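Notes for the one structure printed next.
No lab work stands behind these numbers, since they all come straight from the coordinates. What you see is a predicted model; the values in this text were computed from it and never measured. Cβ coordinates were reconstructed from backbone atoms using ideal geometry, including for glycine residues, and neighbour counts include every protein chain displayed.
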Amino acid sequence: MTDLNAFLEPGMLVRHPDQPDWGLGQVQSNIRGRVTVNFREQGKVVLDGTVVALLPVFES
C-alpha cells in the first residue's frame, strides 16, 4: 500500500476531497501513514494515508 500523503508535514494546510464541508484543515502529525488533521468545521480527525489523498492548499 502506498502512503498518499507521505509529503505532508505538520503545519501544512489541506482539504479532504470527499468532505468539502469540513473546511480547511491543518496537519498536526503524519506518522506511519496516519495523518492527524484539525479541520475548521469538523475538528481533529485521524485519517489513513493509504485510503484518503488529502489535497494540499497553498494560500498566500
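Listing for the model above:
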quantity: At most 16 other Cβ within 10 Å, DSSP loop - trypsin sites (Lys or Arg not before Pro), the chain; calculated: R32, R40
quantity: Coarse-grained scattering of the chain at q = 0.27, 0.29 Å⁻¹, given as base-10 log I(q)/I(0) from a Debye sum over alpha-carbon atoms; calculated: -1.17, -1.34
quantity: Assigned charges on the beta-carbon of Lys, Arg, Asp, Glu; the range 1-50 dipole about Cα centre (debye); calculated: 140
quantity: Within a Gaussian network of the chain (alpha carbon springs, distance under 10 Å), most fluctuating of G11, G25, G49; calculated: G11
quantity: Ranked list, fewest to most other Cβ atoms within 10 Å of each Cβ, for V51, V14, V45; calculated: V51, V45, V14
quantity: Low-density loop positions, chymotrypsin sites (Phe, Trp or Tyr not before Pro), the chain - DSSP coil, at most 15 other Cβ in 10 Å; calculated: F7, F58
